[in-house]
1. For the range 49-72, which residues satisfy the criterion of being part of a loop (DSSP other than H, G, I, E, B), open to solvent by 40 Å² or more (accessible area, probe 1.4 Å) and of a type outside the set (Lys, Arg)?
2. Is there any pair linking a residue in the range 110-123 that is under 19 Å from Ala37 (Cβ atoms) and hydrophobic (A, V, I, L, M, F, W, C) to one that is modelled with pLDDT under 85 and open to solvent by 70 Å² or more (accessible area, probe 1.4 Å), with Cβ under 8 Å and at least six apart or on different chains, and which?
3. From the list Arg229, Arg287, Arg245, which residue is over 30 Å from Val340 (Cα atoms) and among the basic types (Lys, Arg)?
4. Which helices (runs of 4 or more DSSP H) does the range 280-373 wholly contain that include 2 or more residues that are over 21 Å from Val227 (Cα atoms)?
5. Could you grab me the full set of residues in the range 75-89 that are in contact with a Phe, Trp or Tyr (Cβ under 7 Å, 6 or more places away or on another chain), within 16 Å of Asn62 (Cβ to Cβ) and either open to solvent by 60 Å² or more (accessible area, probe 1.4 Å) or not in a strand (DSSP E or B) (or both)?
6. Scanning the range 190-201 for residues that are of a type in the set (Val, Ile, Thr) and touching a Ser or Thr at 6+ places or on another chain (Cβ under 9 Å), which turns out surrounded by the most Cβ atoms within 10 Å (Cβ to Cβ)?
7. Just give me the residues in the range 177-208 being in a loop (DSSP other than H, G, I, E, B) and under 29 Å from Asp121 (Cα atoms), in sequence order.
Amino acid sequence: MEKTALKDAFSEFKNLKKIDRATMASVLVEVFKAQLAKTYGTADNFDVTINIDKGDCEIIRNLEVVDVVEDPTTQISVEEANKNGDDFEVGDDYAEVISLADFGRRGILNLKQNLQGRIMDIEKANVRAKYEEKIGELFTGEVYQTWAKESLLLDEEENELHLPKSEQIPGEHFKKKDSVKAIIKSVEMRNNTPIITLSRVADSFLEKLFEQEVPEIYDGLITIKKVVRIPGERAKVAVESYDDRIDPIGACIGVKGTRIIGIVRELRNENIDVIQWTSNPSLLIQRALAPAKITSIEIPKNAEEPIKVYMHPDEVKKGIGRGGCNIRLASMLVEREIEVWRDNDNAEEEEDVLLSQFSNEIDDWVIERLQSIGCDTAKNVLALDPADVAKRTDLEDETVEEVFRILKSEFED
């Protein structure tokens, strides 16, 4: 029975994929020698030969023939060596065949458990190596289980991949057996187990979707220079073509939007702006803030200072975007903070009210904070999202709410 159990473990080991025979034999020898050392005190004088195909092994214990045995682990007496009629002399080598039964039932069970443990280690190492090579690639799998904090996906070999809630697009929910696309974000070991993490919010996920949908990108005719996203809200994709005959924006969007619509649906209707890349920062900002029209741009030489973009009052809201996402994405694209300022030359400015006129109701230091981000009039402030104002001015939410109430009441009156 013990030999059968051991052969079962051999068989399981033999059926492992992506492991060469030399490695397989080496691991098996290590396991047997570990058990020999545990049983006999040492494995140095043992030869272990593995027959992988038959699922069997041959173990030889090498002993020195001596007159008086001082170390039974490495020596055998002349009398013992010749008890079967052999003709050994002192100093000869004696080879003793060790059978599986010599390990005892418990020893054989230990062998089987150790073999199975090594099998699992090799399987985990194979999974880790496989997915470390695929980091950054697109993955499509089936949802096996979903919880509040993550969803678990399986690949074709039933390996588990994790899609945390933080890596899911806000508002999306998955059910068992749903087919899901994601980017392979990372592979790390936890408790000797490979944890493969997927992402649907990474910029590279959107980039890979474009590669999949736009043949010109896959073939290298069009290059994606940069991708910035606010997942679930909006994204900007800057592209460039090295062939003047190819319109990079038109190619990415497709005839009547046929190419980009599939990407938008995959991203749960995330708005995607495809813009043409340029190394000219002023021109890139103009394209990034479209459809708003810019009258002038000030780019300080100090990279720590924000870029000031001037617009007519009726363009400000479009430039900032809903919740400030358009201006935030433009800032992410050029990797510098961008502030929107109203162009004071516009006639409509006369209908506005300077913030300084509210000094009786709003503290001067609060007005100064608002002016520091380019908000010098009431309408300039009201065109922004309260949360964005609070973040940029470092004001309390309650203070910003009160400011908005005061300014709105001025125009309501």
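1. Applying the first criterion (part of a loop (DSSP other than H, G, I, E, B)) to the range 49-72 yields 52-55, 67-72.
Narrowing further to those that are open to solvent by 40 Å² or more (accessible area, probe 1.4 Å): 53-54, 67-72.
Of everything in the range 49-72, those that are part of a loop (DSSP other than H, G, I, E, B), open to solvent by 40 Å² or more (accessible area, probe 1.4 Å) and of a type outside the set (Lys, Arg) turn out to be Asp53, Asp67, Val68, Val69, Glu70, Asp71, Pro72.
2. As it stands, the answer is Leu115/Glu12, since those pairs meet every condition given.
3. On the way: Arg229 fails: over 30 Å from Val340 (Cα atoms); Arg287 fails: over 30 Å from Val340 (Cα atoms).
Of the residues listed, the single one that is over 30 Å from Val340 (Cα atoms) and among the basic types (Lys, Arg) is Arg245.
4. Numbers: elements: 281-288, 313-320, 325-334, 364-372.
The qualifying helices (runs of 4 or more DSSP H) are 313-320, 364-372.
5. Those that are in contact with a Phe, Trp or Tyr (Cβ under 7 Å, 6 or more places away or on another chain), within 16 Å of Asn62 (Cβ to Cβ) and either open to solvent by 60 Å² or more (accessible area, probe 1.4 Å) or not in a strand (DSSP E or B) (or both): Ala81, Phe88.
6. Taking the range 190-201 first, the residues of a type in the set (Val, Ile, Thr) are 193, 195-197, 201.
The next check asks that each one be touching a Ser or Thr at 6+ places or on another chain (Cβ under 9 Å); those that pass are 195-197, 201.
Working: Ile195: 15, Ile196: 24, Thr197: 20, Val201: 20.
Top of the filtered list is Ile196.
7. Of the range 177-208, the ones in a loop (DSSP other than H, G, I, E, B) are 177-178, 191-192, 200-202.
Lys177, Asn191, Asn192, listed by residue number.
So that you can scan it fast, the table gives a plain yes or no per residue for (1) hydrophobic (A, V, I, L, M, F, W, C); (2) touching an Asp or Glu at 6+ places or on another chain (Cβ under 8 Å):
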residue: Phe174; (1), (2): yes, no
residue: Val228; (1), (2): yes, yes
residue: Ile249; (1), (2): yes, no
residue: Val255; (1), (2): yes, no
residue: Leu283; (1), (2): yes, no
residue: Gln286; (1), (2): no, no
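The values are calculated or read from the model by the stated rules, or taken from the named source; none is laboratory data. What you see is a predicted model; the values in this text were computed from it and never measured. Cβ coordinates were reconstructed from backbone atoms using ideal geometry, including for glycine residues, and neighbour counts include every protein chain displayed. These area figures cover heavy atoms from the full protein model, side chains too; ligands, DNA and RNA do not enter into them. Shrake-Rupley method; radii C 1.70, N 1.55, O 1.52, S 1.80 Å.
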